[in-house]
1. Can you tell me which residues in the range 121-133 are in contact with a Phe, Trp or Tyr (Cβ under 9 Å, 6 or more places away or on another chain) and either loosely packed, with under 13 Cβ neighbours inside 10 Å or aromatic (F, W, Y) (or both)?
2. Of all residues in the range 92-103, which are among the β-branched types (V, I, T) and part of a helix (DSSP H, G or I)?
3. Inside the range 127-146, can you point out the residues that are modelled with pLDDT of 90 or more and either in a helix (DSSP H, G or I) or aromatic (F, W, Y) (or both)?
4. Can you pull out every residue in the range 28-53 that is modelled with pLDDT of 95 or more and acidic (D, E)?
5. Restricting to the range 104-125, name every residue that is at pLDDT 90 or above and either basic (K, R) or part of a loop (DSSP other than H, G, I, E, B) (or both).
6. Residue pairs, Cβ under 7 Å, 6 or more apart or interchain, first in the range 86-115 and farther than 16 Å from I56 by Cβ, second basic (K, R). List them.
7. Does L148 fit the bill of being hydrophobic (A, V, I, L, M, F, W, C), surrounded by 13 or more Cβ atoms within 10 Å (Cβ to Cβ) and free of Cβ contacts under 8 Å to residues at least 60 places away in the same chain?
8. Would it be correct to say that L89 is surrounded by fewer than 17 Cβ atoms within 10 Å (Cβ to Cβ), touching a strand residue (DSSP E or B) at 6+ places or on another chain (Cβ under 8 Å) and part of a helix (DSSP H, G or I)?
Amino acid sequence: MNARGAAGRCPPTTWLGPWLLLLCLLVSGSITMEVPSQYCSEMITDRHLKMLQDLIDSQMETSCQIAFEFVDQEQLKDPVCYLKKAFFLVEDIIEDTLRFKHKTPNADTIEQLRELSVSLNEKHCFTKDYDEHDKACIRTFSETPLQLLEKIKSIFNETRNFLKKDWKIFSKNCNDSFAKCASQGHDRQRVEASDLQPSGFVFPLSSIILVLLAVGGLLLYRRKRRSHREPHTVDSPMEQPEGSPLTPDEDRQMELPV
């Protein structure tokens with residue numbers, strides 16, 4: 001009896017089990033979905049910005065410049081796409097360009113910033129667009145170390161503000177914006193090539209004319225110089241007019257013996 005009663009209570013338990021498991025999965029799933037939103041929006045803190053400012057303040061003022069690749073804001077007007085592309089480039093700059101002596105405060109700061117940028121990518125706070133436009137909207141800049149660090153701080157600060165407003169904002173697909181930059185680059189190359197073609201035709205012709213004028217002037221100059229150097233010919237005695245005085249030598253030749 002008790003066994004049958006116990007057995008009779010088993011089906012409701014087995015029936016509720018899958019539903020309870022499903023409910024638990026949904027709840028846990030909703031919790032995991034909320035974690036990235038809070039995590040991404042809070043990853044860049046005041047401490048990181050303070051670290052960057054300390055790094056800027058510790059730099060020596062110099063006119064020496066560093067060449068690096070970065071986003072051209074004049075080409076890429078969309079602020080979200082600009083920051084999205086810029087942040088990936090900042091990660092490369094921190095990794096390859098900003099180097100300090102090992103085990104110094106500045107080196108530790110750079111390492112923490114590198115870990116921060118890696119964590120933002122690992123948590124998928126940024127989505128990666130197609131690789132075909134990796135070089136679009138990018139040009140080479142030459143700036144002092146101080147200017148470069150100020151640019152990086154600005155990128156971190158603006159990225160933080162956008163993440164706090166909407167953590168999903170950097171999941172935007174920016175391929176169309178990058179494609180416009182690529183097309184503008186091709187158009188610019190075609191215009192430069194067309195500008196070079198006429199000048200390539202005119203340049204040799206003008207050069208030939210200049211060479212001919214130079215050669216003609218040189219020949220004329222040498223001819224005049226040669227004419228000034230030639231001695232004047234003296235007229236012979238036979239050609240001298242009547243009554244013209246004789247030279248002393250001619251006088252002696254004309255004297256007859258007594």
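1. Those that are in contact with a Phe, Trp or Tyr (Cβ under 9 Å, 6 or more places away or on another chain) and either loosely packed, with under 13 Cβ neighbours inside 10 Å or aromatic (F, W, Y) (or both): F126, K128, Y130, E132.
2. Correct list: I93, I94.
3. Hits for the range 127-146 are F141, P145, L146.
4. Within the range 28-53, D46 is the sole residue that qualifies.
5. T104, R114, C125
6. Here the result reads E95/R114, each pair linking the range 86-115 to a residue that is basic (K, R).
7. The answer is no for L148.
8. yes
The values are calculated or read from the model by the stated rules, or taken from the named source; none is laboratory data. These numbers come from a predicted model, not from an experiment. Please note: Cβ atoms are built from the backbone with ideal geometry, for glycine as well, and neighbour counts cover all protein chains shown.
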